[in-house]
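The values are calculated or read from the model by the stated rules, or taken from the named source; none is laboratory data. Not measured: the values here are computed from a predicted model. FYI the Cβ positions are ideal-geometry reconstructions off the backbone, even for glycines, and counts take in every protein chain you see.
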Amino acid sequence: MKNSHRKSSKERAWTMNNATKRMILRWIHIVFSIPIIGYIYSPFDQIPNYAPAVRFVFVPVLALSGLWMWLGQKRKKSNPT
């Protein structure tokens with residue numbers, strides 16, 4: 001049973017380090033905030049065009065990605081391994 005602690009190449013292909021996960025979440029957070037800025041600064045008569053997408057897509061994704069980043073940072077601070 002030599003090298004039984006090693007992962008197979010198939011298992012290693014699906015792993016991602018924490019820095020890459022944080023970078024992806026940051027970019028999701030930034031990209032999904034752009035339409036919200038457009039929604040805020042758009043002319044009043046065009047707001048109904050943006051409202052459903054902002055309410056049901058962009059705000060929930062922004063909230064979830066922000067929560068995920070915050071919980072990851074909180075877990076990292078509470079578990080100093």
note = Checked the stretch 19-39 for anything of a type in the set (A, V, I, L, M) and touching a Ser or Thr at 6+ places or on another chain (Cβ under 7 Å); matches are Leu25, Ile28
ask   = Of everything in the stretch 35-50 that's within 17 Å of Leu62 (Cβ to Cβ) and hydrophobic (A, V, I, L, M, F, W, C), which residue is nearest to the chain's Cα centre (by Cα)?
value = Ile36
inquiry  = Would you confirm whether or not the stretch 44-65 contains a residue that is in contact with a Lys or Arg (Cβ under 9 Å, 6 or more places away or on another chain), modelled with pLDDT of 90 or more, part of a helix (DSSP H, G or I) and not acidic (Asp, Glu)?
reply    = yes
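Residue by residue, here is whether (1) in contact (Cβ under 8 Å) with a residue 12 or more places away in the chain; (2) closer than 26 Å to Arg75 by Cα holds:
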site	(1), (2)
Thr15	no, yes
Asn18	yes, yes
Trp27	no, yes
Ile34	no, no
Ile37	no, no
Phe44	no, no
Ile47	no, no
Tyr50	yes, no
Val59	yes, yes
